[in-house]
């Protein structure tokens, strides 16, 4: 289960990477690498919260 979750997080990070890099062009060159790491870390933190563990399904909204 943990390995699967890590793989899913990696896929999500990879999907967000182009947009992150695009947005980083608005910052100074010296700060880009650090900021990119911080953004990815925040994404991982949010994905590992309890908030996403019990996500309701489509059918839960109709009950």
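Every residue, every condition in (1) touching a helix residue (DSSP H, G or I) at 6+ places or on another chain (Cβ under 7 Å); (2) modelled with pLDDT under 95, yes or no:
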| position | (1), (2) |
| --- | --- |
| 8 | no, yes |
| 34 | no, no |
| 40 | yes, no |
| 54 | no, yes |
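Please determine, by comparing only the residues of the stretch 20-32 that are touching a helix residue (DSSP H, G or I) at 6+ places or on another chain (Cβ under 9 Å) and not in a helix (DSSP H, G or I), which one is surrounded by the fewest Cβ atoms within 10 Å (Cβ to Cβ).
Pass one, the stretch 20-32, residues touching a helix residue (DSSP H, G or I) at 6+ places or on another chain (Cβ under 9 Å): 20-21, 23-25, 27, 31-32.
Retained after the next criterion (residues that are not in a helix (DSSP H, G or I)): 25, 27.
Values: 25: 8, 27: 12.
Only one residue tops the list, namely 25.
Looking at 11, 43, can you tell me which residue is at negative phi, under 14 Å from the mean Cα position of the chain (by Cα) and surrounded by 11 or more Cβ atoms within 10 Å (Cβ to Cβ)?
Of 11, 43, the one residue that is at negative phi, under 14 Å from the mean Cα position of the chain (by Cα) and surrounded by 11 or more Cβ atoms within 10 Å (Cβ to Cβ) is 43.
The values are calculated or read from the model by the stated rules, or taken from the named source; none is laboratory data. Because the structure is a prediction, the values reported are computed rather than measured. So basically every Cβ, Gly included, is an ideal-geometry build from the backbone, and we count neighbours across all protein chains shown.
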